[in-house]
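K.L.:
The structure is given below, and queries will be raised subsequently.
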Amino acid sequence: MKYLRHLFCIMMLALCTLPAVAQDDSHHDGEKKGIDLQEVLWGHIKDAYSWHIADIGGKPIVINLPVIVKTSTGWHFFCSSKFSHHEDEQGRRWALDENGQPDTNLNLYVSSVKDDNKIYEVVNGEAKKVTLDFSITKTVMVLFIDAIILILCILIPARWCKKHKVDDPAPKGFTGLVHMFVMYIYDDVIKPSLGKEADKYAPYLLTCFFFIFVANIMGVVPFPPGGGNLTGNITFTFLLALCTFIITNVTGTKAYWKDIFWPHVPTWLKVPVPLMPFIEFFSIFTKPLALMIRLFANMMAGHAIAISLTCIIFIMFAINAIAGTAMTAVSVAMSVFMMLLELLVCFIQALVFTMLSAVFISLAHVKEEHAVEKA
């Protein structure tokens, strides 16, 4: 992991420095056009109101998604194709009418400068964010697709289990693969951490594992329905960490809360200055925060590295053909290696999130100590 961090830093440094070289070359030669690598990188990582697939013959292939917003004039429902594909001087893509002009009835635009591609409305010459935004963005669509895939992955083996007895031979194929994952996570991760309470929390923990694993794998697939960086979106990882936070603290025992507000430490560390209770209470929030950041950072970094390795080819060809040709083989080899490594990371990150969630829940179920403490 140490070397991967160094590689990621090098790739990001290349993105920041080499594009200037590419743009300068295009300035001197009118036939060459520099590639906006930051737009390519952040266009894949950031959320959007449409799903850009590829450019064929200079024409973008885009899946337009529904936009559902509430503005000062009420609710509006329309397709994201209504927004212009080109930005004005201020980085705004206006909602257009049938004549291709900014729709004065809506006065809506998507800003690429403010707040990460959010929709704004213009009211009395002043731009402000829309009141409510329930649009089906790329991340939301990927979330729906991954949820459907997860349901199918569970219902198909469940149907087999209903038709067979416990002592029947083990299933084969896809059903056997899912059974293997379920038994591995339950026997080697959940049960050792939670013991007798494993059956109570296994449904939630298994759901976390399979949902994250499916989302990670679909993020590696470079074409729809894959290609969405769901686990690289901090909102998604925040929701998962919030679920673990709620379950951990709502089901915590009295001994768990007692150890937080009145831990077994010398009295001078608790009164008059509640140093240890403050530290213990602060740790309640750092645990889910670690879950959120760990999953988000690792998956986002993996996608960024893979895209950076591919973009190096275009950077080198923008400099000269010899450098581009020489770097193509290296970039392709490293990209294949990173994609294989990313498949391993997809499983590891799902496993780590599930394991840490099980550990946090088990720590909240500590029992009262019956031994009498000596004075």
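The values are calculated or read from the model by the stated rules, or taken from the named source; none is laboratory data. Note that the structure is predicted; figures quoted are calculated from it, not measured. Positions of Cβ are backbone-derived with ideal geometry, glycine not excepted, and every protein chain shown enters the neighbour counts. Side chains are part of the model used for accessible areas, which takes the heavy atoms of the whole protein and leaves out ligands, DNA and RNA. Shrake-Rupley method; radii C 1.70, N 1.55, O 1.52, S 1.80 Å.
K.L.:
Between residues in region 156-178 that are polar (S, T, N, Q) and residues that are open to solvent by less than 100 Å² (accessible area, probe 1.4 Å), which pairs lie under 6 Å by C-beta distance while being six or more apart or on different chains?
P.N.:
Thr175/Pro157; Thr175/Trp160
K.L.:
Here's something else I'd like to know. Out of (1) surrounded by 13 or more Cβ atoms within 10 Å (Cβ to Cβ); (2) part of a helix (DSSP H, G or I); (3) of a type outside the set (Ser, Thr, Tyr), the odd one out for Pro171 is which?
P.N.:
It fails just one condition, (2).
K.L.:
Being touching a residue at least 40 places away in the same chain (Cβ under 8 Å) and of a type in the set (Phe, Trp, Tyr) is the requirement here; does Phe134 meet it? Please lay out each step first, then the result.
P.N.:
Numbers: touching a residue at least 40 places away in the same chain (Cβ under 8 Å): yes; of a type in the set (Phe, Trp, Tyr): yes.
Answer is yes for this residue.
K.L.:
Just give me the residues in region 246-256 being open to solvent by 50 Å² or more (accessible area, probe 1.4 Å) and over 16 Å from Pro203 (Cα atoms), in sequence order.
P.N.:
Going residue by residue through region 246-256, those that are open to solvent by 50 Å² or more (accessible area, probe 1.4 Å) are 246, 250, 254.
Residues satisfying the conditions are Val250, Lys254.
K.L.:
Need a quick list: helices (runs of 4 or more DSSP H) entirely within region 174-270 having at least 3 residues that are under 23 Å from the mean Cα position of the chain (by Cα).
P.N.:
Values: elements: 191-194, 198-220, 234-250, 254-261.
Those helices (runs of 4 or more DSSP H) span 198-220, 234-250.
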